[in-house]
Amino acid sequence: MYIKKRVAICGIALIATLSSWSLSNSIAKADVSGKTIVIDPGHGGNDPGAVANGLEEKEVVLDVAVQTKQMLEAAGAEVLMSRQADTYIGLNERAQMANANQADTFVSIHANAWEQPSANGTETYHFPSSVQGRALAESLQNELVVELGRTDRGVKSANFNVLKQTVMPAALVELAFVTNVEEAELMKTAAFREQAAEAIYQGLMSYH
């Protein structure tokens, strides 16, 4: 009887150890090391994007994109940016660059706008027929909502050019609304921009 109990206890301990190893191994695989990721700051140059409350979308998203790039590279990813300065890049060029470099994922960063200044919150888009695009969008949206603390407007599908033309999983994030006074003030701060970059970084880590 004693021997049987010892065997049973050892068996339980072995299962627990294997389960722990499996979980740790799964977590270890969730990273961006060795991945090629394209970060696409929306607009640029003579296209400022949404403009309101003393903000230009193109400036906000470039700042967030640069910080995201730095975080991803520190984690071992190869990061390409569609633009690294205040320059205009066509939508097709952005997608073609990602395709030509056989990127693993593509994330386009934007700030939202609406005619009603009460509109607020964060949302993320994927191409309608892309299953992996939706998975990426969900991962990004989850992290953005946690980090930024804004209204969760959900994951949505759209035929945006950069989502339609890219062949890899792609998502487009709308951080917050420049047309909303409260959110515009937040987007002017270094803290918000760093949190947005951290959320996109963590979303990509979770996806990969």
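The values are calculated or read from the model by the stated rules, or taken from the named source; none is laboratory data. Quick caveat: nothing in here was measured; it's all calculated off a predicted structure. Heads up: the accessible areas ignore ligands, DNA and RNA and are worked out on the full protein's heavy atoms, side chains in. Shrake-Rupley method; radii C 1.70, N 1.55, O 1.52, S 1.80 Å.
Projected onto its three principal axes, the C-alpha set of the range 51-208 covers 40, 30, 29 Å, listed from the longest axis down.
Mean shadow of the range 122-208, computed from the convex hull of its alpha carbons, in nm²?
5.4
Per residue, what accessible area does the chain have, given a 1.4 Å probe and all protein chains present, in Å²? Don't jump to the answer; show the numbers that get you there.
Details: 10380 Å² over 208 residues.
I get 50 Å² per residue for the chain.
With all protein chains present, how much of the accessible area of the chain (probe radius 1.4 Å) comes from carbon and sulfur, to the nearest whole percent? Carbon and sulfur together cover 54 percent of it.
Across the alpha-carbon atoms of the range 84-150, the computed radius of gyration and Dmax are 14.4, 41 angstrom.
Per residue, the convex hull spanned by the alpha carbons of the range 27-124 comes to 115 Å³.
For Thr179, the residues whose amide H sits under 5 Å from its own are Trp114, ignoring neighbours fewer than 5 places away on the same chain, with H placed 1.01 Å from N. Only Cα pairs under 8 Å and 6+ residues apart enter the sum, and on that basis the relative contact order of the range 111-208 stands at 41 percent.
Legend: residues Lys69, Lys188, Lys156, sorted from most to least accessible area (1.4 Å probe; ligands, DNA and RNA excluded), read Lys188, Lys156, Lys69.
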